[in-house]
Amino acid sequence: MAKSIAGGVRPGIIIDIEHRLLKQIIVGKQKAAASMFDDLDRELENDANKLAIERDAVFERLSKQIQARQVYEAVSKQLITTVNSTLDNQLASPELLIQHSGINASQMLMLELLQQKNLDLSRLRLLIADLPWLARDLTNMVNSPSFRHKRQQRSDVKVTEIKLVLNFIGVENLRLLIPYYCLRNWLPTGHANLLWTTRKLWRYAMVTGIAAKALAQLNEQDMATAYTSSLLYQLGVSVVLKNGAKVYESIWGNWLREASASRDKELHDAVLATEFPAEDIYQQVLQHAHTLNWRLPELLDFSASGLTQTQRELDTCLSYSELSTEAALVARASCYAKVLMLDEMRLISPKEKQMMFDYYQLSEQEQIRLKGQNYRKLDLY
């Protein structure tokens, strides 16, 4: 351990505080508002609530019957073991994960292009054309009531041509919006078992991104690079969660169908009551997420990218003082996001907050600037 807490080898208390937030995001039962998700998962929220109510009712009934409880414990343990071993095999081979990660070479190239001072819109447009979901998201945003109001002239005309969409948005806004929509594509959306986790992870990611942008502006560093790197920092967590949910839902669904076919009510109820193994998935995130942040881009042949190198540093450097200027900025932004969210949850003491700021060397001026940001909304130019 370093003699001073500032920047040296991360002390155990700093690691504990950081893991505390991640555990609350993945394992914690707090629900989160859907402020930045629009109406994407309103129906999913209803499904999640219904599933939770049904599962709780079944579990309460099983807990009152000794034999049924024994069946539940045996079946649940076997099901979760199957889920964990299947996910272990997947995570051991990032080459197999890449196709399910939500990231591809077109996205990485696009994120690289956005860092250039003279952005080539023609080349960017071709890359967006290869990503229908991104073209749709950008087009929907330009045609939203709030954005149409900004367009003023001919605001009632719906824009569908992607060239016009990009022109309306503007270069500086594209540097913010494209990484924003890429992150949303990586996140494990569409999984009822991860609804609240995804919302909390989304908030953590956006707080980190907005903080990184503010720190870059204050320190006269490239805002687009800092912001994009901070969002890419959530790729690995998203991939582990997404694959964990897919594996669980596939195995759980198969077992539930087989139990129904067998007409064994105790077996059926035992499977139904088996919850998503959030604690086990949290441990997988701790083990694999930061490595996947740079390993997946490397597999897409972007090992020389500055974005990839920043993620590698954040994973492999043992102390804050070893980080490059770019990686250190992302680490400071992430530190602030963790402190802010833990403070909102009332899970961090004033002394622990100061320890975090001391370790990551957040200056008083930086703290004042970060405190003044709006973390509920991504402000466009």
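The values are calculated or read from the model by the stated rules, or taken from the named source; none is laboratory data. Keep in mind it's a predicted model, so treat the numbers as computed, not measured. Cβ: placed from backbone, ideal geometry, glycine included. Neighbour counts: every protein chain shown. These area figures cover heavy atoms from the full protein model, side chains too; ligands, DNA and RNA do not enter into them. Shrake-Rupley method; radii C 1.70, N 1.55, O 1.52, S 1.80 Å.
Can you list the residues, at least 5 places off or on another chain, whose amide H is less than 5 Å from the amide H of V9, using H built in the peptide plane?
A2
Helix 350-359 versus the longest principal axis of the chain: what angle, 0 to 90°, nearest 10, using Cα atoms?
60 degrees
Can you work out the Karplus-derived ³J(HN,Hα) for every residue in the range 331-337? Use 6.51 cos²θ - 1.76 cosθ + 1.60 with θ = phi - 60°, whole Hz, and x for glycine or proline.
Result, rounded to whole Hz: 5, 5, 5, 5, 4, 5, 4.
Hey, what do the phi angles of the range 184-198 turn into as Karplus ³J(HN,Hα) couplings, whole Hz, using 6.51/-1.76/1.60 and θ = phi - 60°, x for Gly and Pro?
3J(HN,Hα) across the range 184-198, in whole Hz: 4, 6, 6, 4, x, 6, x, 10, 4, 6, 10, 4, 6, 4, 5.
Across the chain, what fraction of all alpha-carbon pairs, as a whole percent, falls in each successive 10 Å bin from zero upward?
5, 21, 30, 24, 14, 6, 1, 0
Relative contact order for the chain using alpha-carbon pairs under 8 Å, separation at least 6, rounded to a whole percent? List each step's numbers first, then the result.
Numbers: 412 pairs, mean separation 109.7, N = 381.
With pairs under 8 Å counted, the relative contact order is 29 percent.
Beyond 25 Å between alpha-carbons counts as too far, so tell me which of K246/K353; K117/K200; K29/K353; K213/K242; K29/K77 fall in that bin.
Values: K246/K353 36 Å; K117/K200 33 Å; K29/K353 23 Å; K213/K242 27 Å; K29/K77 21 Å.
Listed pairs above 25 Å: K246/K353; K117/K200; K213/K242.
Fully extended, how many nm does the chain gain between D130 and D264 (0.36 nm per residue separation, minus their Cα-Cα distance)? Walk me through the numbers before you get to the answer.
Numbers: separation 134, 0.36 × 134 = 48.24 nm, distance 4.84 nm.
Fully extending the segment from D130 to D264 adds 43.4 nm.
Residues of the range 188-225 with amide nitrogen under 17 Å from the 7 Å Cα-to-Cβ point of Q30?
The answer is 195-208, whose backbone nitrogens lie closer than 17 Å to the label point.
State, to one decimal in nm, how far the label point of S303 lies from the label point of D358, with both points 7 Å from Cα in the Cβ direction.
With each label point 7 Å from Cα toward Cβ, the separation is 4.1 nm.
Want the number for E73 to N219: 0.36 nm per residue separation, take away the alpha-carbon distance, what's left? Before the final figure, lay out each step's value.
Working: separation 146, 0.36 × 146 = 52.56 nm, distance 5.51 nm.
Result: 47.1 nm gained on full extension.
Using a 1.4 Å probe and ignoring any ligands, DNA or RNA, find the accessible area of C317 and quote it in Å² to the nearest 10.
Ignoring ligands and nucleic acids, C317 comes out at about 40 Å².
Please give the contour-minus-distance gain from Q65 to D16: 0.36 nm per residue of separation, less the Cα-Cα distance, rounded to one decimal in nm.
Details: separation 49, 0.36 × 49 = 17.64 nm, distance 3.88 nm.
Fully extending the segment from Q65 to D16 adds 13.8 nm.
Where does the chain land at 222 nm, in deg cm²/dmol rounded to the nearest 500, when only DSSP H runs of n ≥ 4 count, each adding -39500 (n - 2.57), divided by all residues? Show your work: numbers first, answer last.
Details: 19 runs with 269 residues, N = 381.
The helix-only estimate for the chain comes to -23000 deg cm²/dmol at 222 nm.
Compute the long axis of helix 223-232 from its Cα atoms, compare it with the longest principal axis of the Cα atoms of the chain, and write down the angle in degrees, 0 to 90, nearest 10.
So the helix axis and the longest Cα principal axis differ by about 10 degrees.
Quick check: with the 1.4 Å probe, what order do T208, T291, T160 take by accessible area, largest first?
T160, T291, T208
Over the heavy atoms of D264, what accessible area does a 1.4 Å probe trace out, to the nearest 10 Å²?
Estimated to the nearest 10 Å², D264 gives 70 Å².
How high is the FRET efficiency from D56 to Q116, r the C-beta distance, R0 45 Å, rounded to 0.05?
Numbers: r = 52 Å, r/R0 = 1.16.
About 0.30, to the nearest 0.05.
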